[in-house]
Ligand SMILES: C[S@@+](CC[C@H](N)C(=O)[O-])C[C@H]1O[C@@H](n2cnc3c(N)ncnc32)[C@H](O)[C@@H]1O
């Protein structure tokens, strides 16, 4: 199945394995707080759960641990990522995992099947986010919920000392938009849910700070690989990223450097 939208794991970073490790560290960074919000939104053990855009399985692993009596449908469009998940989770989920290879906009799953659905860092990459949310609405049971976890470009790179990221941020927005994604999706999540037909919409932020977790935990958010990859692909010039690279070096050299991250979590219910 052809990957739609703005994310392709095989070309997003300089190397495939580096991208896999970035995704893994990104799950570990904020999982504890995301789990807290998911439970507050109503996720509970024993539920039949859909994870859309499940990637290499690191978030699936956390769900399996949190919900020891739940079944999880791990829906993924990218064959290589799904194979990675099957390998990674082979001793972890047994028959509690159902791998589905499909697009979130056309899942092929039955109506009214799931108690809870989660889409993490997926909607940012979708050309038709409302259609995707409608498809998830269809497969949820009445009273079932969808939580979308995503970010927003203007909440990236909150570092002290600050880095010079304005040009890179704008270029990133343009490149992702040209591939059908939307790096400013975070601020639009509530409307996407509403337009798709969800009710009782709620929104939380997950905030992580290096003063509390240590700066090493933030390494995935500081990975320059995706930016250097855009240079390699001719989408941004070396001169345009020069001030970013200089400020990044200065930031990394600063002993007392600090970083903060925001994920947004929007939840809606099927009437
Ligand atoms: C940035 S990754 C996030 C992976 C995982 N959810 C996580 O939080 O680590 C986005 C994932 O969504 C998948 N994806 C992109 N478009 C999709 C679509 N239309 N349907 C299903 N999955 C899709 C990608 O292949 C990738 O695995």
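Within the range 150-163, not a single residue is touching a strand residue (DSSP E or B) at 6+ places or on another chain (Cβ under 7 Å), more than 30 Å from residue 240 (Cα to Cα), within 12 Å of the ligand (Cβ to nearest atom) and modelled with pLDDT of 95 or more. Taking the listed residues 63, 43, 75, 81, the one that is more than 13 Å from the ligand (Cβ to nearest atom), surrounded by 21 or more Cβ atoms within 10 Å (Cβ to Cβ) and touching a residue at least 12 places away in the same chain (Cβ under 8 Å) is 43, with no other qualifying.
In the range 173-271, counting only helices (runs of 4 or more DSSP H) that sit wholly within it, the ones holding 2 or more residues that are modelled with pLDDT under 95 and within 21 Å of residue 5 (Cβ to Cβ) span 225-232.
Of the set (1) modelled with pLDDT under 95; (2) farther than 18 Å from residue 218 by Cα, all apply to residue 133 but (1).
Among the residues of this structure, residue 141 does not count as one that is within 21 Å of residue 33 (Cβ to Cβ) and modelled with pLDDT of 95 or more.
Counting only residues that are assigned to a loop (DSSP other than H, G, I, E, B) and touching a strand residue (DSSP E or B) at 6+ places or on another chain (Cβ under 8 Å), the range 109-121 holds 4 of them. Mind listing whichever residues of the range 46-60 are more than 12 Å from the ligand (Cβ to nearest atom) and closer than 21 Å to residue 32 by Cβ? The answer is 47, 49. Residues in the range 122-151 that are more than 11 Å from the chain's Cα centre (by Cα) and in a strand (DSSP E or B): 140, 141, 142, 143, 144, 145, 146, 147. Is it the case that residue 2 is out of contact with any helix residue (DSSP H, G or I) (no Cβ under 9 Å at 6 or more places or on another chain) and either within 11 Å of the ligand (Cβ to nearest atom) or at pLDDT below 95 (or both)? Judged against the criteria, residue 2 is a match. Evaluation of residue 106 against the conditions (1) within 9 Å of the ligand (Cβ to nearest atom); (2) surrounded by 20 or more Cβ atoms within 10 Å (Cβ to Cβ); (3) free of Cβ contacts under 8 Å to residues at least 60 places away in the same chain shows that the sole unmet condition is (2). Scanning the range 164-185 turns up one or more residues that are out of contact with any helix residue (DSSP H, G or I) (no Cβ under 6 Å at 6 or more places or on another chain) and within 10 Å of the ligand (Cβ to nearest atom). Highlighted here are the helices (runs of 4 or more DSSP H) found entirely within the range 1-108 that include at least 1 residues which are closer than 19 Å to residue 144 by Cα: 16-40, 58-66.
The values are calculated or read from the model by the stated rules, or taken from the named source; none is laboratory data. Computed from a predicted structure; not experimentally measured. Ideal geometry is used to build each Cβ from the backbone, glycine not excepted, and the neighbour counts take in all protein chains shown.
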